[in-house]
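Beneath this line is the structure, given in structure tokens, with notes to follow.
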Amino acid sequence: MLDKLKDFSSRFFVTGEPMIYGADVAILLTLAGIIFVLTYLKKWKWLWREWLTTVDHKKIGIMYMLSSLLMLFRGGVDALLMRIQLAFPQWHFLDSNHYNEIFTTHGTIMILFMAMPLMFAFFNIVVPLQIGARDVAYPFLNAVSFWLFFFGAMLFNLSFVIGGSPDAGWLSYPPLSGMQFSPGPGQDFYIWGIQISGIGSLASGINFIMTILKMRAPGMKLMHMPLFTWSVLASCIIIIFAFPVLTVTLALLFIDRFFDGHLFTMTGGGNPMMYINLIWMWGHPEVYIVVLPAFGIFSEIVATFSQKKIFGYKSMVFSMMIISVLSYFTWVHHFFTMGAGANVNVFFAITTMAIGIPTGVKVFNWLFTMFRGRIQMTQPMLWTIAFIPCFVVGGATGVMLSAAPADYQYHNSYFLVAHFHQVLIGGVVFGFFAGLYYWWPKMFGFKLNDRLGKWAFWTWNIGFYVCFMPQYALGFMGMTRRIYTYDFDMGWGPLNVISTVGAFFMGIGFIFQAWQILHGIKYGERDVTGDPWNGRTLEWSIPSPPPHYNFAVIPTVTGQDAWWTIKEERKKKKAKETAVFSPIHMPKNSGIPFIMSVFWFIAGFGLTFHWVWMAIFGLTGVGACLLARSFQYNSDYYIPVDEIRHTEDSVGRVG
């Protein structure tokens, strides 16, 4: 019996790596610390009532944000480990298998569990406030989306200490991801972690399309919407068409692995290129899913801190919508070398180059907005200005990759790695950092320290260029990606050492940001105005942080830059308007989203280890939760006028 238990434990838990043991201890100590603090402060009921069961879009947004920052830390550590190995390839700091696992988890985490949730954080926190709504269209579904993302991410990350991590790359091409070459549970952790969180992402896409189309304030026509809201609409349109492709693709891969389907194995009559086409039908639009909201953030920031209306509003809107459509017609440029033929390659080369046109339009619009503006060099503006040259280089190298004959030279080289990070860090991460600094006072009611922010900005930016510029050169020198060691006579050593130094600079930048947040909690400058930046859109018309009903009185919109227009009208009238309150209809909290997602986690864990009994138990629990919800009739309530008046009075909005 004892021998069986030992044998099971040795296969069930990841063993043999001192680094893993250290992580095990750190995870256990962190969990013990959290449990101790919650118990000592008697906060378990508070945690359940205020957070685990909340359907408030702002709290859900904050939970998305915290989760994504945690994932940024995990993915960042993975990157540093890889860079150490490549700077000193003869040390064998990581063995080949461990290196494969780390580049797989790094890519998956950064795209799906860092960039996506940070994007959804902004959707949740900003969109209802910008359109003058009190909540999203489906608050219950919104909570389900978050908890599915969270437990999907936890399932994926569990592979670090249980069963073993996936090691077939962040897109898991077969045959590497098939049972022949990946017989362990790592690949199933990948499939079910992404599947469960992907259902949540798809639901979020539907939810925010309906929120934007149906819940805008009176008078806010589509062409009156803030550009960030437009960018969210464009992104969500891509989500609802791209994510079902991902779901089907991973389901087919699971059929291959679980039922021996041979859909993607040549020896069984299948074709791995079918998988690669399918995964990139989702994979390339995914880049635009995360980058379009960043474009929206930059548009808001440039207009606010140039103290001007955005230049070319309509061309910005059309550019974003064109990108959302074109993004579906570019996926083959990821594998021109497949040998699809000249005509196919020409079509996808042209569509890829064409997408650069609407992207370039936006860059010129931002520059013309700044032209002759009274620019304020705040932290959000710094990140925005840093983004422009960075993204231009990323775009130009993207056009180089889109030229099919040239791509045969760049394909699978470090040139591609540098381009990819230039776009996703320079575009997405810089954009989301700009958004964090911009909307932080709205979220939490205080500003972040300027001096620490500038340290973080410069260490991130210097580190970025030091890290990735050498990688373009390494690509030209013939260094391919996903190799863990090389001989020094290849001549790649010095540039890899420089690149690693840059990566550590970015890590230092992240530490400055963590310090900045902790410093801000204690010493941050409080915002008592609700409008610390002299903003232009409706989120700045309410207190910081907003009350749970957002708007005591729903505003009436008469044009673009709704809050700016209202402020101008108030200056002319000079008389203060008296608000007339009425009861506000709000949704009640519910524990079902959390509990249902726990059952999804159980089902996913069972399917990962091919324990059918556990999967059936988990899916039965999911069904029971859906049934319970269908009989839940008392799901809303009204906030009385006295409570609204008291809340508004406490923040100086009545009088």
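The values are calculated or read from the model by the stated rules, or taken from the named source; none is laboratory data. Worth saying up front: this structure is predicted, and the values here are computed from it rather than measured. Neighbour counts are summed over all protein chains in view; Cβ atoms, including those assigned to glycine, are modelled from backbone coordinates with ideal geometry. Surface accessibility is based on the protein's heavy atoms, side chains included, excluding ligands, DNA and RNA. Shrake-Rupley method; radii C 1.70, N 1.55, O 1.52, S 1.80 Å.
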Length added when fully stretched, F476-I375, from 0.36 nm per residue minus Cα-Cα: 32.4 nm
Relative contact order, percent, region 74-180 [alpha-carbon distance under 8 Å, six or more residues apart]: 37
Two-site label geometry, K221 and W515: point separation in nm, points 7 Å out along Cα→Cβ: 5.2
Tail fraction, Cα-Cα pairs, region 77-175, threshold 19 Å, whole percent: 55
Backbone HN-Hα couplings from phi across region 403-409 [Karplus 6.51/-1.76/1.60, Hz, Gly and Pro as x]: 6, 3, x, 5, 4, 4, 7
Given K314/K572; K314/K567; K522/K572; K6/K42; K4/K43, the pairs whose alpha carbons are separated by over 32 Å: K522/K572; K6/K42; K4/K43
Per-residue SASA entry for C625, accessible area with 1.4 Å probe, Å² rounded to 10: 10
Pairs of alpha carbons in region 441-503 whose separation is greater than 15 Å (percent): 62
Loop-located trypsin sites (Lys or Arg not before Pro) in region 447-484 whose Cβ has at most 13 other Cβ within 10 Å (DSSP): R482
Hull volume in cubic angstrom per residue (convex hull over the Cα atoms of region 189-246): 72
Longest segment of the chain lacking chymotrypsin sites (Phe, Trp or Tyr not before Pro) that sit in a DSSP loop with at most 10 other Cβ atoms within 10 Å: 260-630
Rg/Rg_globular for region 374-479, with Rg_globular taken as 2.2 N^0.38 Å and Rg from C-alpha atoms: 1.27
Over the chain: helical MRE at 222 nm, DSSP H runs n ≥ 4 each giving -39500 (n - 2.57), nearest 500: -22000 deg cm²/dmol
E17-S630 FRET efficiency (beta carbon distance; Förster radius 60 Å; 0.05 resolution): 0.80
Unit charges at the beta carbon, dipole of the chain: most positive-side option, M82, F12, G360: G360
Long-range HN-HN contacts of I162 with modeled amide H, under 5 Å: V14
With 10 Å bins from 0: P(r) over region 1-67, alpha-carbon pairs, percent: 17, 26, 27, 23, 7, 0
Length added when fully stretched, N343-K588, from 0.36 nm per residue minus Cα-Cα: 82.6 nm
Compactness of region 478-610, expressed as Rg and Dmax over alpha-carbon positions, Å: 26.7, 78
Probe 1.4 Å, accessible area per residue of region 491-618, Å²: 50
Relative contact order computed over the chain (Cα-Cα under 8 Å; 6+ residues apart), in percent: 16
Degrees between helix 139-158 axis and first principal axis of the chain (Cα, 0 to 90, nearest 10): 30
Kirkwood-Stokes translational diffusion coefficient of region 280-422, alpha-carbon pairs, 25 °C, 0.890 mPa s, µm²/s: 152
Per residue, the convex hull volume that the Cα atoms of region 559-655 enclose (Å³): 183
Angle in degrees between helix 116-130 and the longest Cα principal axis of the chain, rounded to the nearest 10: 10
Whole-angstrom Cα spans of region 611-655 along principal axes, big to small: 63, 22, 8
Nearest-ten-degree value, helix 493-523 long axis tilted from longest Cα axis of the chain: 30
Modelled FRET efficiency - R0 45 Å, F488 with R570, Cβ distances, 0.05 increments: 0.05
Coordinate range along principal axes, alpha carbons of region 347-425, Å, largest first: 46, 24, 13
Cβ-Cβ FRET estimate between R526 and F73, R0 fixed at 30 Å, reported to 0.05: 0.60
Qualifying trypsin sites (Lys or Arg not before Pro) for region 311-383 [loop in DSSP, other Cβ within 10 Å: at most 11]: R372, R374
